[in-house]
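Here's the structure, in C-alpha cells; my notes come after.
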Amino acid sequence: MIIFVFIIMTLFWFIYSIKHRNLLHPLTFIYLGFYIPLLFYNFNWSKLIDTTKSTKFDFIIISFTFLTICFCLMTNKNVKKVNNCERIVATKVGKYMTKWLTIIWIFLYLIENYMGSGSFFPALAKIDAHKISVPIISYFTNSSFIVTSLNLLMYKATKKKKNLLYIAICLIIPVMTRSSRMATFISVIQLITLFFICFKLNKNSFSWKKSKYKYILVAIILIAFIVYMGKLTNTRMNHYGKYDLDYGETIQYTGPGFFGIMEVYYGYFPMSFNNLKINLLYNKTVKHNYIGLYSYTSFWYGLLQLDNIFGINSGAYLDGRLVSSGAATVATGFWEFWYDYGFLAFIPMIVAFAITRFILTNASKEKNKMTYRVLYAWFIPFWFFTSFQNVLFQSVNIVVFIILYNLIKKSFIIVKYDEFGNERGIK
C-alpha cells in the first residue's frame, strides 16, 4: 500500500509542480517531509520495525493523501515573489525593531538557559537542556525565525552584511548552548523558504564563472552543518561522552550510512511512522476527547493556558506511549490527532489545510506588504515536519503568528516601479 501511495504522490507532485511552476507550494513540503520518510520507513532499515498490518495506520495514510490531493486541486494560486523590479523598504520602526529585538532575543535566550539549567551555556557545560521552556519568554525565544526573518528582510532592504551576521548568531546559539538541533533545522528551512520568496533567482544568478568560489563555500558550509548536526545527536545521546552509545546501534539501523547522517534521519523521521503504528496497534491508554485537546495545543495550552489555569495535563497523550527505542521516541504529528479523534483524525488535518489555504491565498494577493509572504515562509515549512511532531499546532504558534504579523506589517513595505522608472505603490 505504501509503495502505491508513494508512486501516486510522486507523479502528482511532479505534474502539479511543473504545471504551476511553483516548487514552494505546500505540496513540495508535504512530499519531502511526509512521503519520502514514509517510503524509507517501508524499506525496514531497522530491526525494530514492526511489520504487523494496521487498518488504523492505513486509514491515516489514505485520509491524509486524499485531503492533500483535494487541497491541491482546490488551490491553484502561486505565491508571488518579490522580483527584481520590486524593492523592499524598511520603515524607521523596522530598522529600530530589527536591531533591538535581535539583541533582546539573544539576551532572553541566554537568560532562559540559566533559569532552566543554571548555566548560560548548558551544552558547553555538558548539561542536556534542549527541552528548556520558561513561561512567557518561550513564546519569543522558541521561534528564532522572528528575528532571522527580520534580519533577512533588512538585508534585502539595506544590503548591510551585519544582518547576515545576526542571522548566523541566532541560528548558532540554540545549537551551541542547548544542542537544540531540530529547532535550528526548522528555522533554517523557514529561512531558505523566505529567501526564495524574496530573491528572484534566474539563470544569471547561477553564473558559475562569476561566483564559483561562493557556491563552493556555501555547499561546504551546508554539508559541514548537516554532518555536525548528525554528530551532535550522538554527543547529546551519550550525555556528552559519559556513556558509550551510538545512535545507529541504538535504533538497530541496517541501511546505508553517510557519516552517521542517514542513521539520524531514519531514527527521527521514518521510524516515527513505526512509533505511530505500534501505538495504534498496542496502546491501550487512548481516551478520545473530540475537541482536540492535544491536537490544537497552540489554542488550548498556548493561548488559553488551560493547563496552568485548570491543572490539565497537556502531555496526557504521551502517558503510556510506546516507542521503538530511547533514540526514536516521536510518533509523527498524527498520533495526537488519533488520540483526540480516533477515526475522525482527519478533522485537524482539514483545519491545518484550511489555515494553509488562508495564508497561501493572502500571500498570493499581497502587493505592497511582506506580511503574509513571511507568514507563508514561517508556517508552510511545518508541513515538512509532519512525520516528526505536531509542529503545525505547537503551543507557541498562535502567539508567534500575532507577533510576526504585526512586526512585518509595520517594518517593511514594497516599492514598485512604473515603466518610466518612478516609484509607485506605497500605501
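Quick note: the coordinates plus some simple rules give every number you see, no bench work behind them. From a predicted model like this one, the values you see are computed outputs, not experimental measurements. Counting neighbours? That spans all protein chains shown, and the Cβs are built from the backbone with ideal geometry, glycine included.
So for R321, R178, fewest C-beta neighbours within 10 Å to most, what's the order?
Details: R321 17, R178 25.
Sorted ascending by nearby Cβ count, the order is R321, R178.
For the pairs K95/K367; K53/K131; K92/K131; K47/K284; K99/K409, note any where the Cα-Cα span goes beyond 28 Å. All intermediate terms of the calculation are to be shown ahead of the outcome.
Details: K95/K367 21 Å; K53/K131 34 Å; K92/K131 36 Å; K47/K284 24 Å; K99/K409 17 Å.
Violating the 28 Å Cα-Cα cut-off are K53/K131; K92/K131.
Under 5 Å between amide H atoms, partner at least 5 residues away or on a different chain: which partners does S46 have, H built in plane at 1.01 Å?
T254
Nearest 20 debye, what's the magnitude of the dipole of the range 271-427 about its Cα centre given +1 on Lys and Arg Cβ and -1 on Asp and Glu Cβ? Provide the component values of the computation, followed by the final result.
Details: 14 positive and 8 negative charges, 68 e Å.
Taking the Cα centre of the range 271-427 as origin, the dipole is about 320 debye.
Efficiency by 1/(1 + (r/R0)^6): what FRET value for M176 and S17, r their Cβ-Cβ distance, R0 = 41 Å, to the nearest 0.05? It would help to have the intermediate numbers written out before the result.
On the way: r = 36 Å, r/R0 = 0.89.
Computed FRET efficiency for M176 and S17: 0.65.
Along the charge dipole of the range 1-114, which of F66, W100, Y41 sits closest to the positive end, that is, farthest toward it, with unit charges on the beta carbon of Lys, Arg, Asp and Glu (+1, +1, -1, -1)?
W100
Can you compute 3J(HN,Hα) from phi for each residue in the range 375-384, using the Karplus curve 6.51 cos²θ - 1.76 cosθ + 1.60 with θ = phi - 60°, rounded to whole Hz and x for Gly and Pro?
So the J values, rounded to whole Hz, are 4, 4, 5, 7, 7, 4, x, 4, 4, 4.
Fewest Cβ neighbours within 10 Å first, please rank K92, K156, K284 accordingly.
K284, K92, K156
Placing +1 on the Cβ of each Lys and Arg and -1 on the Cβ of each Asp and Glu in the range 310-378, which of A377, P348, A363 has its Cα farthest towards the positive end of the resulting dipole?
Positive-end residue among those listed: A363.
List every residue whose amide H lies under 5 Å from the amide H of F388, counting only residues 5 or more places away in sequence or on a different chain, with H placed 1.01 Å from N in the peptide plane.
Those qualifying (amide H under 5 Å, at least 5 residues apart or on another chain) are G333.
For the range 137-144, in order, what is each residue's ³J(HN,Hα) by Karplus, 6.51 cos²θ - 1.76 cosθ + 1.60 with θ = phi - 60°, in whole Hz (x at glycine and Pro)?
For the range 137-144, the Karplus-derived couplings read 4, 5, 4, 8, 6, 6, 9, 5 Hz, x marking Gly and Pro.
Along each of the three principal axes of the Cα atoms of the range 252-327, give the extent in whole Å, ordering the values from largest to smallest.
Reported extents, whole Å, longest axis first: 48, 27, 18.
On alpha carbon coordinates alone, what is the Rg over Rh value for the range 298-418, Rh being the Kirkwood radius?
Values: Rg = 17.5 Å, Rh = 16.5 Å.
In the range 298-418, Rg relative to Rh is 1.06.
Which residues' amide hydrogens lie under 5 Å from the amide hydrogen of F412, considering only partners 5 or more residues apart or on another chain, with H built in the peptide plane?
Those lying under 5 Å, H to H, from F412 are T91.
Counting Lys and Arg as +1 and Asp and Glu as -1, each charge on the Cβ, what is the dipole of the range 1-159 about the Cα centre in debye, to the nearest 20? Spell out each step's value before the answer.
Numbers: 16 positive and 5 negative charges, 145 e Å.
Roughly 700 debye, rounded to the nearest 20.
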